[in-house]
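Some notes on the structure that comes next.
The values are calculated or read from the model by the stated rules, or taken from the named source; none is laboratory data. Note that this is a predicted model, so its numbers are computed, not measured. When we count neighbours, we look across all protein chains shown, and the Cβ atoms used for this are built from the backbone with ideal geometry, even at glycine. The area values use the complete protein model at the heavy-atom level, side chains included, leaving out ligands, DNA and RNA. Shrake-Rupley method; radii C 1.70, N 1.55, O 1.52, S 1.80 Å.
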Amino acid sequence: DVGEPKPGDTVVVSGAAGAVGSVVGQIAKLNGCRVVGFAGSDEKVEWLTDDLGFDAGINYRTTDDYAAALDDAAPDGVDVYFDNVGGPITDAVFTRLNLDARVAVCGQIAHYNDEDVPTGPRKLPMLIAPRARVQGLLVADFATRFGEASERLGEWVATGRIEHRETVVEGLENAPDAFLGLFSGDNVGKQVVRVSDD
């Protein structure tokens with residue numbers, strides 16, 4: 001509803017190897033889009049491209065120039081950007097937006113621990129020429145459609161059209177480290193803490 005992916009669109013997803021980003025990219029593929037994902041390791045990029053069907057992946061930790069990497073991975077520009085992270089990745093994507101591009105802002109994990117709020121919004125001029133639309137979203141906005149989403153996603157998972165992974169950490173005592181690991185990209189897919197019955 002926010003990104004409005006259409007067949008033939010190029011969709012870029014940041015935080016693409018997380019629980020949200022990995023599903024977003026797969027749904028975009030089901031909608032006939034070219035999908036590019038940013039992730040924080042070669043293993044994650046391989047998972048995106050080899051297992052989930054993303055057309056290209058960019059390891060943001062080993063890439064010096066995000067804009068140049070986007071030129072290679074999305075040579076026709078970006079029609080939809082699903083933003084989970086903010087920061088320099090988003091800055092680079094904004095310079096590659098196509099006419100009437102849509103930006104769905106779901107998270108800004110690159111800034112969650114900032115002690116000083118970055119000056120902004122400094123990149124808004126990049127939205128003028130492409131007439132791009134930027135919209136924030138929260139899952140609760142779609143509460144009335146949870147049943148519909150669960151049914152559709154459940155069918156896609158059951159038929160293998162959508163894959164998912166979980167990173168499981170054992171023990172409640174390890175929950176703080178598991179949480180902090182989200183900020184350093186330690187997880188692939190959904191981060192889960194398993195609590196024993198003891």
Being closer than 15 Å to LYS190 by Cα and either part of a helix (DSSP H, G or I) or without any contact (Cβ under 8 Å) to a residue 24 or more places away in the chain (or both) is the filter here; which residues of segment 27-47 pass it? LYS44, TRP47
Subset of segment 160-198 (residues that are open to solvent by less than 90 Å² (accessible area, probe 1.4 Å), modelled with pLDDT of 75 or more and out of contact with any strand residue (DSSP E or B) (no Cβ under 7 Å at 6 or more places or on another chain)): GLY160, ILE162, GLU163, GLY171, PRO176, VAL195, SER196
Identify, by number, the condition in (1) out of contact with any strand residue (DSSP E or B) (no Cβ under 6 Å at 6 or more places or on another chain); (2) surrounded by fewer than 17 Cβ atoms within 10 Å (Cβ to Cβ); (3) touching a residue at least 12 places away in the same chain (Cβ under 8 Å) that ALA149 doesn't meet. (3)
Quick check on this structure: which one of ASP72, ASP91, ASP114 is without any contact (Cβ under 8 Å) to a residue 60 or more places away in the chain, exposed (fewer than 14 other Cβ atoms within 10 Å of the Cβ) and either among the β-branched types (Val, Ile, Thr) or within 18 Å of ALA16 (Cβ to Cβ) (or both)? ASP72
Where in segment 117-198 are there strands (runs of 3 or more DSSP E), lying wholly inside it, with at least 3 residues that are farther than 30 Å from LEU99 by Cα? 166-170, 190-194
